[in-house]
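The next block holds one structure in the form of structure tokens; read it before the comments.
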Amino acid sequence: MADAPAAQDPENAEEPAPAHSAAEIAAAWRRERPGVPTGSIEIVTPIWWLAKLFTDDRARALRAAGIDAATLDLLSVLRRSGPPYTLSTREIARRTLVTAGAVSQRIARAERDGLVRRTPAGSGRTVLVDLTAEGHALIDRSVDTVLGREAALVGCLSDDERTTLIATLDKLLADVRRRTAPTAGGQGG
């Protein structure tokens, strides 16, 4: 329904502008399909465009930092946990919202790279994952790169605009999560 930003040409550092503004897209749908609800277009379309731009820019920043998104996610969870930067595999899965199998693969790859260390936790099947000194250094460098870049990308917003946008996005996200969450009878409504 919305004209998405074109994929970025690696040779051209500047993102192309969408062919039409969200307001123009909404107006065209109102003209072509009177009565079709178009009120969401000027909200959802820019969010999709921003998501694409932020995703592409983060991927470039991660490549520059020498880390992939899955490893960033794993190391970030451990780093944010605070000293001693150790969590169980079950807790990592809960905090990253990925399957236990995916967490296991991420941990195995990071362990091979010397970024984490697995140790058994006493009796039972619990395994603890520790952030190594090398992993700690990599995540700190990566977070500095990524968050510094993202801070620059939202730098045009004033403090008041940020406060308003944060509250508005929190409200929208909570309601969309509620409306799209699976229920016993199917999709939420």
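The values are calculated or read from the model by the stated rules, or taken from the named source; none is laboratory data. Remember, it's a predicted structure, so these values are computed and weren't measured experimentally. For neighbour counting, all protein chains shown are included, and Cβ atoms are generated from backbone atoms with ideal geometry for every residue, glycine included. For the accessible areas, the whole protein counts, side chains as well, though only heavy atoms, and no ligand, DNA or RNA atoms are used. Shrake-Rupley method; radii C 1.70, N 1.55, O 1.52, S 1.80 Å.
Keeping to segment 144-154, report how many residues are open to solvent by less than 50 Å² (accessible area, probe 1.4 Å) and either closer than 14 Å to residue 67 by Cβ or not in a helix (DSSP H, G or I) (or both).
Number satisfying all stated conditions: 2.
Tally up the residues in segment 122-142 that are touching an Asp or Glu at 6+ places or on another chain (Cβ under 9 Å), open to solvent by 20 Å² or more (accessible area, probe 1.4 Å) and among the β-branched types (Val, Ile, Thr), please.
So the count comes out to 0.
With the checklist (1) out of contact with any helix residue (DSSP H, G or I) (no Cβ under 8 Å at 6 or more places or on another chain); (2) farther than 22 Å from residue 149 by Cβ; (3) open to solvent by 50 Å² or more (accessible area, probe 1.4 Å) in hand, flag the one item residue 42 doesn't pass.
Checking residue 42 against (1) out of contact with any helix residue (DSSP H, G or I) (no Cβ under 8 Å at 6 or more places or on another chain); (2) farther than 22 Å from residue 149 by Cβ; (3) open to solvent by 50 Å² or more (accessible area, probe 1.4 Å), the one that fails is (1).
Does residue 119 fit the bill of being surrounded by fewer than 16 Cβ atoms within 10 Å (Cβ to Cβ), within 25 Å of residue 48 (Cβ to Cβ) and out of contact with any helix residue (DSSP H, G or I) (no Cβ under 9 Å at 6 or more places or on another chain)?
When the stated conditions are applied, residue 119 does not pass them.
Closer than 30 Å to residue 63 by Cα and not polar (S, T, N, Q), is that true of residue 157?
yes
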